[in-house]
Amino acid sequence: MQRLGVNVDHVATLRQARRVRYPDPVTAAALAELAGADQITVHLREDRRHIQERDLRLLRETCQVMLNLEMAASDDMLKVAWAHKPDLATLVPERREEITTEGGLDVNGMRELVKRITRSLQDAHIAVSLFIDPDLEQVRAAHKTGAQRVELHTGAYCEAATEEARTRELQRVVDAARTATRLGMRVAAGHGLNYENVKPVAAIAEIEELNIGHAIVARAVLVGFERAVREMLETMRHAAR
Ligand code: PXP
């Protein structure tokens, strides 16, 4: 079965809505771990709209599973990563005005920058993953940067309006995962996954990790964090059979 990375950004979104101390994403991360999460994922955005550097610092001190920092490929974020030493850094594109990460990195378009940031992170013993669209060109470009991992953007699959489009987008994810695996890379996937659409993705053998945030946090508001994480793990387990 795939590993589950629980993204706790939107616990911080709720806190920042009032600029108070609660709910604390660090507490949510501890509950996610107790429920069986394999990884905690946070995106420290340039505009600090949800996760703050304080969260990253405390998570680094308290997190007992892998800590995955999603970050823009920039020198400012490189300094943050050096300071807090996550186990894994996932390079993502970032645009200030976007509601969420809208597409994958254009690795070809920024190859030298991505290469340099990747090498600097690896030199600090931080594993690097590149968040890319499920596109074979991007997979090959990612491989050439020296990153050992990719995370495939599942947004187009999740948002597909018709069954036909959904099948086509899922196949792109499968093909990209196979190509990356053949190149010797480790493969994760995420974005837009929920308790329904996760099933076919959880059944893709080449994908070893899913990062899921919004759907889990949204369910947690109603049923509690541990239960929401356990139900996601259960859904993935069934689908993987
Ligand atoms: N993976 C990456 C690289 C992301 O940027 C995000 C969104 O922050 C996710 C996974 C999780 O997406 P969602 O919140 O839609 O589950």
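The values are calculated or read from the model by the stated rules, or taken from the named source; none is laboratory data. Every value quoted in this text rests on a predicted model; they were computed, and no experiment measured them. Here the Cβ positions follow ideal geometry from the backbone for every residue, glycine too, while neighbour counts run over all protein chains shown.
Before moving on, here are some points about what is shown:
- Scanning the stretch 7-21 for residues that are more than 11 Å from the ligand (Cβ to nearest atom) and aliphatic (A, V, I, L, M) returns V11, A12, L14, A17, V20.
- Total residues in the stretch 124-161 satisfying the condition of being surrounded by fewer than 21 Cβ atoms within 10 Å (Cβ to Cβ), among the small types (G, A, S) and in a loop (DSSP other than H, G, I, E, B): the figure is 4.
- One residue alone among R96, R54 is within 19 Å of T13 (Cα to Cα) and modelled with pLDDT of 95 or more, and that residue is R54.
- Of all residues in the stretch 102-112, one or more are within 16 Å of G213 (Cβ to Cβ) and within 15 Å of the ligand (Cβ to nearest atom).
- Inclusion of A180 among residues that are in a helix (DSSP H, G or I), within 13 Å of the ligand (Cβ to nearest atom) and buried (at least 20 other Cβ atoms within 10 Å of the Cβ) is not warranted.
- For the stretch 39-68, taking the residues that are assigned to a strand (DSSP E or B) and of a type in the set (S, T, N, Q), the one that is nearest to P86 (Cα to Cα) is identified as N68.
- Of all residues in the stretch 204-230, those being surrounded by fewer than 16 Cβ atoms within 10 Å (Cβ to Cβ) and more than 10 Å from the ligand (Cβ to nearest atom) number 6.
- Residue that is in a strand (DSSP E or B) and modelled with pLDDT of 95 or more, where the choices are V187, V173: V187
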